[in-house]
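The values are calculated or read from the model by the stated rules, or taken from the named source; none is laboratory data. These figures come from a predicted structure and were not determined experimentally. Heads up, the Cβs are rebuilt from the backbone with ideal geometry, glycines too, and the neighbour counts pull from every protein chain shown. In case anyone asks, the SASA skips ligands and DNA or RNA and just uses the protein heavy atoms, side chains included. Shrake-Rupley method; radii C 1.70, N 1.55, O 1.52, S 1.80 Å.
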Amino acid sequence: TYSATGKTLLLSNGFERGNRLSKIAGPHLQRLRQRIGWPSDLAILDGEVMLILLTSREFNVVALNHKAGARAPLLTSSLGRAFLAFCDAEIRESLLANLLSGSGKRRAKGETGRRKVVQMLATVRSNGYATPDPEFNKQSGAGLATGFSVPVLVHGAAIASLSVAFLESALTTKQAIKSLLPPLQEAAETLGQAIASES
């Protein structure tokens, strides 16, 4: 059988789920951008990766550039970590079983890998936000940029992740957490409420 994947977002019409969520989320991302001055991405689960549906990035700062349709790994990106930590427990267990058992670039094998991932996700839940794996951040081409993500919750479970990106030359992570995390969490909460009301 055949089914549409996230790459159909790169086509002119996209697909239903992404279009619907993008329409709801667009104004929220724009308001957040105006409020904090830094760009954000909204991503949903697509197989075993996070698919960026919508971005408020302007393509004039090379270190912050990428487009809707880009993908981020679940275990090492902040978007993936925020989703995994707060998604439905059954979904999380199913994803972890696949991510921790096979081979390939996005895998983390064995019980040691599982313990580390479970501990990392517990830290994300405790903090309320996720940061990317530093090595992934370097290899992803982020360069001088970094960021963090929070879950978008509907009925208590993550259905998406919302991130903020900033230049490390402008803000330390500690400064960014202090100034950018509260408005990011507020935007995610408001977006989650808007999505729930449309369901």
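Please determine whether any residue of the range 54-72 is within 22 Å of Ala176 (Cβ to Cβ), among the small types (Gly, Ala, Ser), at pLDDT below 75 and not in a helix (DSSP H, G or I). Show your work before the answer.
If we filter the range 54-72 for residues that are within 22 Å of Ala176 (Cβ to Cβ), which is where we start, we get 54-66, 70, 72.
Then drop every residue that is not among the small types (Gly, Ala, Ser), which leaves 56, 63, 70, 72.
If we keep only those that are at pLDDT below 75 too, we end up with 63.
Right, trim to not in a helix (DSSP H, G or I) and you get none.
No, the range 54-72 contains no residue that is within 22 Å of Ala176 (Cβ to Cβ), among the small types (Gly, Ala, Ser), at pLDDT below 75 and not in a helix (DSSP H, G or I).
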With respect to Phe136, is the statement that it is of a type in the set (A, V, I, L, M, F, W, C), in a helix (DSSP H, G or I) and at pLDDT below 95 true?
yes
Are there any pairs with C-beta distances below 7 angstrom linking a residue in the range 112-124 that is closer than 24 Å to Leu181 by Cβ to a residue that is at pLDDT below 95 and assigned to a helix (DSSP H, G or I), with the two at least 6 apart or on different chains, and if so which?
Val117/Leu96
Give Leu29, Leu84, Leu10 a once-over and let me know the one that is touching a Ser or Thr at 6+ places or on another chain (Cβ under 7 Å) and either modelled with pLDDT under 60 or surrounded by 13 or more Cβ atoms within 10 Å (Cβ to Cβ) (or both).
Leu29
Subset of the range 32-41 [part of a helix (DSSP H, G or I) and open to solvent by less than 20 Å² (accessible area, probe 1.4 Å)]:
Leu32
Find the residue count for the range 130-164, including only residues that are of a type in the set (Asp, Glu), open to solvent by less than 50 Å² (accessible area, probe 1.4 Å) and out of contact with any Leu (no Cβ under 9 Å at 6 or more places or on another chain).
0
May I ask you to list the residues in the range 165-189 that are open to solvent by 60 Å² or more (accessible area, probe 1.4 Å) and closer than 22 Å to Ser22 by Cβ?
Gln185, Glu186, Glu189
